[in-house]
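Have a look at the structure below, then the notes.
The values are calculated or read from the model by the stated rules, or taken from the named source; none is laboratory data. This structure is a prediction, so every number in the text was calculated from the model and none was measured. Using ideal geometry, Cβ is built from the backbone for each residue, glycine included, and neighbour counts are taken over all protein chains shown. Just the protein is used for accessible areas: all its heavy atoms, side chains included, with ligands, DNA and RNA removed. Shrake-Rupley method; radii C 1.70, N 1.55, O 1.52, S 1.80 Å.
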Amino acid sequence: MNSWILRNYRNLSEGSTSSNNNGQTPITAKYEKTFVNIETGEVRSRTDLQTKMYKRDICVESFFTVYKEYYGKKTHSILCAVVNQDQYNSITKFINTITRKFKRKGIDILGYVWVRDIGDKIFHKHYHVIFATPLINAALFKEIFCNKKHNHYDIQFLKTLKGMAKYIKDKDLFGAKKQRSFGKSRLFSIKKVPKSKFKRANANLFI
């Protein structure tokens, strides 16, 4: 039985459901709800923005929880991409592009998470996309992406799980009206590819 009931709802006039300037400024809170525990009298308040950020953090943590063991055992690879939103106005468009590249080598994308962000180094408006695959070695990675003829995205092997998780969770939320700020694949699958598939690569190159 839920012991928490709504005590107060407060509009935050300075807030909005989405950022201004076409998603180039952080999302701000629109309202705040205050709840009281009818058994203990404890009072808690939370804004809609805090709720959204909590859901984003759970989304990211769920991905790393599924794959961290396999990543540590070097049976799977985790890659991260920074993707130009001006060229990929839909995250689905980028996922489809990467999926086709991997499919040509018989590799499946097992699961992914993504968030919107604003930066000033590679792309201004961009996505961070983190995805898991069966084990890929450095030679095969180079073969897949060596002929990339544009600068619409940058992709590399993930260096540290904790570092990337913290990096994303420390971010503001971005997104214009009717845009999702983050998301994930429908499933986080686990699939191993026999090492014999990678005989042509030196075992010391496995990431």
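What to note about this one:
- Among the residues making up segment 40-62, those that are over 14 Å from Ile168 (Cβ atoms) and touching a residue at least 40 places away in the same chain (Cβ under 8 Å) are Arg44, Leu49.
- Hey, Gly41 modelled with pLDDT under 95, out of contact with any Lys or Arg (no Cβ under 6 Å at 6 or more places or on another chain), open to solvent by less than 60 Å² (accessible area, probe 1.4 Å) and closer than 23 Å to Ser185 by Cα or not: no
- 2 or more residues closer than 30 Å to Ser3 by Cβ and in contact with a strand residue (DSSP E or B) (Cβ under 9 Å, 6 or more places away or on another chain): qualifying strands (runs of 3 or more DSSP E) within segment 18-120: 31-37, 43-47
- Each residue in segment 96-125 was checked for being of a type in the set (A, V, I, L, M, F, W, C) and surrounded by 20 or more Cβ atoms within 10 Å (Cβ to Cβ), and 7 pass.
- Here segment 183-207 is the region considered, the condition is being of a type outside the set (Phe, Trp, Tyr) and modelled with pLDDT of 80 or more, and the residue that is farthest from Val60 (Cα to Cα) is Ile190.
- Checking segment 168-182 against the condition returns a match, with at least one residue being closer than 17 Å to Leu79 by Cβ and at pLDDT below 95.
- Filter result for Val129 (within 28 Å of Pro26 (Cα to Cα), part of a strand (DSSP E or B) and touching a His at 6+ places or on another chain (Cβ under 7 Å)): no
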